[in-house]
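Input: a single structure, listed below in structure tokens.
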Amino acid sequence: MSIPSSVTRMEKIVSLCKRRGFIFQSSEIYGGLNGFWDYGPLGAELKRNVKDLWWKSMTRLRDDIVGLEATIIMHPKIWQASGHVDTFSDPMSTCRACKKLVRSDQVWEMLETSPWADSIRATHSDAGIDREALAKWAKGKGARVAPSLALVKDPDAILARIAERLEEAAASVQTLFRLACTASAEGPLSIPCPHCGGELTEPRPFNLMFKTYVGPAATEEDIAYLRPETAQAIFVQFKNVLETSRVKVPFGICQIGKAFRNEVTPRNFTFRSREFEQMELEFFIKPDEVVQNQTGSVAQLSTETLLSDPQPNWGWELWHKYWVEERFRWYESIGLKRSSLEEYWQKPDELAHYARATVDILYKFPFGTQELEGIAARGNFDLTQHQQHSGKSMEVFDQEANTKYVPHVIEPSAGVDRLILALICEAFEEEEVADDKGQKEVRTVLRFHPRVAPIKAGIFPLLKNKPELVKKALEIRDALRPHMNVFYDDGGAIGRRYRRQDEAGTPYCITVDFDTIGENGPEKLDTVTLRHRDTMTQERIRIADLHAFLSSQIQ
Ligand code: GAP
């Protein structure tokens with residue numbers, strides 16, 4: 001079966017998420033709240049599994065990383081020191097006609113999916129502009145889809161201006177859009193509103209932090225912020241962790257938690273939300289000069305470098321590459337194919353002023369290839385800022401190197417919600433299969449890796465009115481459920497029960513039948529049918545072996 005186009009694929013994914021209880025719009029019965037999403041029963045399990053796997057891989061399976069769980073609201077000076085109060089903003093424009101707010105740097109991207117822009121684009125080609133079609137559109141359909149567009153309001157004048165600047169407009173569809181939306185003949189061309197085609201105001205910075213007040217007075221002095229990233233709590237607790245845990249540089253502190261950004265245009269389902277979760281690691285390393293003094297030379301990347309085996313002579317560049325590799329390995333371990341991911345090295349002019357290098361791990365979402373995680377080499381910017389603003393030293397005394405320094409940091413920072421969306425997109429598949437009677441039907445299946453799957457096994461008695469079958473199935477459920485999430489289902493035909501679990505992404509189904517209870521002889525007594533989601537094949541397995549088998553798949 002052919003792969004559906006990206007829009008319909010995304011629509012199908014959004015609809016499945018709602019239908020099966022993965023993701024709901026927040027506050028839906030009140031019309032929803034833009035940029036906020038809730039996770040239903042299956043989504044909550046999926047999210048928990050992903051966070052647990054990240055936490056385990058970072059802390060339990062390593063000696064050099066410890067965890068932290070800090071508050072969401074922290075001292076407001078933190079956000080001054082980090083630069084968020086002054087610079088954490090996006091450029092925003094307002095539409096003069098429909099008054100909607102738009103992120104100025106995303107207008108062209110939004111026009112890609114804007115219906116009015118689409119129909120204008122149809123009149124434009126490399127060969128030129130179909131002026132007749134454009135005039136027809138302006139006087140007809142345009143009035144419905146882009147009522148505020150200057151071309152629609154005053155077609156003759158704007159068409160005349162387009163005719164005057166025909167070559168320019170033919171060379172770039174962006175110029176055609178700008179001409180079509182700019183009413184005033186003088187002055188520069190405006191950017192069009194992706195919603196209605198009206199003129200947008202000049203961009204102005206809009207700080208993305210949510211503000212609140214601490215305490216009842218609610219004066220200017222009481223302003224605090226909901227954290228826009230979890231990272232800063234790690235920097236401000238760096239000294240406490242160092243002094244209370246048995247760690248020494250190089251070591252990391254990691255945290256999972258909510259972050260809030262008042263995004264101008266939340267979009268693409270949960271991809272850009274206003275409330276979301278991050279999984280962040282700050283991995284503290286020695287400055288290169290210290291490594292040089294201590295080991296004689298800072299290691300360079302060569303074909304012999306084993307990036308999975310950190311060495312005392314590693315400087316920031318090797319540690320940075322190490323973390324990029326580690327993160328790719330982790331994504332693959334939870335079911336994202338390497339071919340669905342991309343590695344993007346930010347160009348010097350894209351880097352934050354404090355960053356020495358940043359690699360983005362991108363995922364090929366149906367709506368485009370977009371960032372899943374950023375891995376930044378941040379130097380000692382953050383600790384130095386907090387040292388200056390708090391007046392508290394962030395230096396460590398390194399006994400091995402016999403010197404003091406402010407550590408540098410490598411920061412792998414991932415978004416949980418984006419990862420959940422990527423896992424659902426990766427897993428979603430529709431395939432044509434034959435039903436029991438040989439009729440073709442479409443099977444919707446989520447091919448989650450068993451490690452992340454919300455339900456690990458469905459457990460079914462073949463018939464619900466046979467007490468022996470029900471009793472056995474419930475016994476299996478009770479034996480397995482302290483160890484993993486399983487789901488008992490006795491409703492409807494067995495084929496329908498399998499399909500329901502396929503849509504939930506359950507990798508295995510266990511059916512208790514008459515063989516299980518020994519009705520067809522002793523050799524199959526206490527065995528069950530194990531059905532594999534991906535291949536739909538079935539095998540016989542002893543009940544006594546179920547736990548070991550399932551555990552081996554989800555470890
Ligand atoms: N401490 C560094 C930091 O916060 P970031 O690139 O701004 O860096 C890290 O955010 C990750 O957080 C992103 O790669 C993304 O996965 C996630 N993220 C950021 N903004 C988000 C939003 N509005 N909605 C969902 N996830 C977001």
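The values are calculated or read from the model by the stated rules, or taken from the named source; none is laboratory data. Being a predicted model, the structure only gives us computed values, none of them experimental. When we count neighbours, we look across all protein chains shown, and the Cβ atoms used for this are built from the backbone with ideal geometry, even at glycine. To get the accessible areas, we keep the full protein, side chains included, count just its heavy atoms, and leave off ligands, DNA and RNA. Shrake-Rupley method; radii C 1.70, N 1.55, O 1.52, S 1.80 Å.
Trp37 contributes an accessible area of around 80 Å² to the protein surface, as traced by a 1.4 Å probe with all chains present. The candidates Val452, Val214, arranged from most to least accessible area with a 1.4 Å probe in the full protein assembly, appear as Val214, Val452.
Computed over the Cα atoms of the range 271-353, the ratio of the radius of gyration to the Kirkwood radius (Rg/Rh) comes to 1.03. Distance between the C-alpha centres of the range 181-212 and the range 462-528: 59 Å, rounded to the whole angstrom. Can you flag which of Lys337/Lys440; Lys321/Lys347; Lys12/Lys437; Lys77/Lys211; Lys18/Lys51 are past 18 Å Cα-Cα? Lys337/Lys440; Lys12/Lys437; Lys18/Lys51, as the Cα separations exceed 18 Å there. In the chain, helical runs assigned H by DSSP with n ≥ 4 each contribute -39500 (n - 2.57); averaged across all residues and rounded to the nearest 500, the mean residue ellipticity at 222 nm is -9500 deg cm²/dmol.
Taking the Cα centre of the chain as origin and assigning +1 to Lys and Arg Cβ atoms and -1 to Asp and Glu Cβ atoms, the resulting dipole is close to 1460 debye. For Glu441 and Trp108, the FRET efficiency from 1/(1 + (r/R0)^6), where r spans their Cβ atoms and R0 equals 41 Å, is about 0.50.
Taking the DSSP beta bridges with both ends in the chain, the antiparallel portion is around 85 percent. If you sort the three axes of the alpha carbon gyration tensor as a ≥ b ≥ c, you get a/c of 1.5 or more for the range 369-408 and a/b no higher than b/c, which makes it oblate.
With the biggest extent put first, the Cα atoms of the range 455-554 measure 33, 29, 25 Å across the principal axes. For the range 455-554, with all protein chains present and a 1.4 Å probe, just round the carbon and sulfur fraction of the accessible area to a whole percent. The value for the range 455-554 is 53 percent carbon and sulfur by accessible area. For the chain, the fraction of alpha-carbon pairs lying more than 36 Å apart is 50 percent, rounded to a whole number.
Projected label points at Ile541 and Ser125, each 7 Å from Cα along the beta carbon direction, are separated by 5.8 nanometres.
When peptides 349-359, 494-504 are sorted by average Cβ neighbour count within 10 Å, with the highest value leading, the order is 494-504, 349-359. Cα centroids of the range 216-253 and the range 105-174: 51 Å apart.
Packing-based ranking of 171-177, 457-463, 260-266 yields 457-463, 260-266, 171-177, ordered from highest to lowest mean Cβ neighbour count within 10 Å.
Projecting label points 7 angstrom from Cα along Cα→Cβ for Ser308 and Ala163 puts them 7.0 nm apart.
Rolling a 1.4 Å probe across all protein chains gives Lys404 an accessible area of roughly 130 Å². A protection proxy built from the mean count of other Cβ atoms within 10 Å ranks the segments 187-194, 140-147, most packed first, as 187-194, 140-147. For a bin width of 10 Å, list the pair-distance distribution of the range 89-205 built from all Cα-Cα distances, rounded to whole %. The distribution over the range 89-205 is 15, 51, 30, 4, 0, given as percents.
Accessible area per residue for the range 439-505 is 45 Å², calculated with a 1.4 Å probe on protein heavy atoms, without ligands, DNA or RNA.
For the chain, the list of Cys residues with no other Cys C-beta under 4.7 Å reads Cys17, Cys181, Cys254, Cys425, Cys509.
Taken along the Cα-to-beta-carbon direction at a fixed 7 Å, the label points for Lys471 and Val214 span 6.2 nm. Over what distance in Å are the Cα centres of the range 270-344 and the range 70-85 separated? About 26 Å separates the Cα centre of the range 270-344 from the one of the range 70-85. Give the residues of the range 507-545 whose amide nitrogen is closer than 14 Å to a point set 7 Å from the Cα of Asp478 in the direction of its Cβ. Counting only backbone N, you get no residues. Neighbours of Gln294 by Cβ distance under 9 Å: Lys/Arg scored +1, Asp/Glu scored -1, total -1.
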